[in-house]
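See below for the structure under consideration.
The values are calculated or read from the model by the stated rules, or taken from the named source; none is laboratory data. All values derive from a computational prediction rather than experimental measurement. Glycine also receives a Cβ, built like all others from the backbone with ideal geometry; neighbour counts cover every protein chain displayed. Note: areas computed on protein heavy atoms with side chains; ligands, DNA, RNA excluded. Shrake-Rupley method; radii C 1.70, N 1.55, O 1.52, S 1.80 Å.
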Amino acid sequence: MSAAATPPPEDLFGYAIPGPPPAGYRSHGRLEHVLRTGRFAVTAELNPPDSADPWEVYERAAVLSEVVDAINATDASGANVHMSSVGICALLTRDDLAPVLQVSCRDRNRIAIQGDVLGAAAMGVANVLCLSGDSVGVGDQPEAKPVFDFDCMSALETLRMMRDEAKFLSGRKLTEAPKIFLGAAINPFVPPYDFRPRRLAKKIAAGADFVQSNYCFDIDILREYMKRVVDMGLHETCFILIGVGPLASPKAGRWIRANVPGVHIPDAVIERLEAAEKPKNESKKMTVEFIQQIREIEGIHGVHVMAYRQEEMVADIVIESGALDGRKKAQIGIAGLRAQQERRMESIRKRRAAAEAQAKPSTKVD
Amino acid sequence: MYAVRKWSVTHARGLNRFYTLFEKAVVGFAPLFRAIGYDRLERPVAAVEHGEKSLLIDCQMCGQCALSSTGMSCPMNCPKSIRNGPCGGVRPNGMCEVKPEMRCVWVEAWRGAGTMGEAPIMEVQPAIDQSLKGRSSWLKVAREKSAAGEAE
Ligand code: SF4
């Protein structure tokens, strides 16, 4: 893919910048910039808190922010309620971090989705990922009404229309279009395998600029998939990021395989963890190996790290895998990164303490 | 009528050909429909359409039939109403994420597409118009195609 004539500055995180994005760009976001300049991108998922405390979000983001190009704010994934994606994006943009707003069609109709995206873009969110969403039945509140007014494709088409034609689906004009880099999900690891590359083609036709895949634990299936994708030339019109992540234990692996829709974990992976003395370390090692293998496959532009409840591992995994090699961040090494993370944490603690001190007097009512 | 629904997918090509001819006939009747009045016809025609399509394909009367692009497997039987499936949750054995006792309608659609050719299933279906639910898709086609024909 061709680089833009005037690339945005290196440290751009995607907060609201007036004016149109650089030529050939959709957004002011850092993720798009990294991808369009041909570097291997790294994104990671932030596990949203079950809490109204903003500092929990900042602390979780701090362990990721030094090694990623964007942080995915999940939208009640697995149909479990947590802090909303829009809420997390609002917090992250306040701290100049670059989030990916996840929009699931399960919980909101078209009116809510279009409004949320405008709001997110106004806050400086540069990336939006459209998902159909897991069914309510797998979550903690199966009594909920599933919405599914849009599917992921019609959501993509609508958001693209808002961005490129500056209008809502109804045709009503926007005074300012959202400058967003549009994403979608792919899952090469579930049937019908031969239709999966074609479905990616459909998502690209509907407006996907980038895609992030579900967990990859099976390199052979990925290779087959990518062979087709490259034959079809899809990697030239869309950036492809492959999902990876460590398993906390062999037991967790079995549980995920049985209970989380769409995650394919071959027996060999679970057996390898079972045979290991320290399964957690082994899983980390395996994730590093997966990233290295994924990087070798033609047509792949980055990885998406999902370390559920193990975010502290992400920095090690990313650095050890060499995914950031050649980038400034990688040169400071893991110790340097840890120090940066610690500085960020320290500043969060200070700001938190200051905010709490300030909050106290107002509880008194004269 | 799950068994009949499966039969319909297996015979997607023949069924689609039949529907294409049928559609032409329906469009041919457009002047008559107009004379009687579409509003007056809506209820009886919708009832007949529902009867026939529920038997063959478990029709949910979305009012904007996409069957010819979905291998004769009705996407409205997808519990997530995905009109551009399949989702990423399909089980390893091809069964539905939400209803494990049902084959994913989009795995079926891809099977149906095998007999109908690939082009139709590659079309991106637009956002569904929820206000058409329960209305006749046949009359919609008659109205739109005859109007388009006149405009040409
Ligand atoms: S598995 Fe198939 S039928 Fe079930 S929800 Fe997903 S797309 Fe719909």
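Quick notes
- Chain A, relative contact order [Cα under 8 Å, separation at least 6], %: 17
- Surface share of carbon and sulfur [accessible, 1.4 angstrom probe, percent] for chain A: 52
- Cut-off under 5 Å, modelled amide H: who pairs with A:L129 long-range: A:L101, A:Q102, A:V103, A:G183
- FRET E, pair A:S249, B:A148, Förster distance 51 Å, beta-carbon r, rounded to 0.05: 0.25
- Reducing region A:211-241 and region A:71-146 to their Cα centroids gives an inter-centroid distance of 25 Å.
- Where A meets B: accessible area buried, both sides, 1.4 Å probe, Å²: 2300
- Rounded tilt (10° steps) of B:105-116 against the dominant C-alpha axis of chain B: 70
- Average partner coverage of A:182-192, which counts Cβ from other chains inside 10 Å: 4
- Look at the alpha carbon pairs under 8 Å that are at least 6 residues apart: their mean separation over the length of region A:73-114 gives a relative contact order of 37 percent.
- Rh by Kirkwood over Cα pairs, then Stokes-Einstein D for the protein assembly as shown at 1.306 mPa s and 10 °C, µm²/s: 64
- Beyond 21 Å in Cα-Cα separation lie the following of the pairs A:K251/A:K285; A:K203/A:K284; A:K202/A:K227: A:K203/A:K284.
- For A:F150, distant residues with modelled amide H under 5 Å away: A:R110
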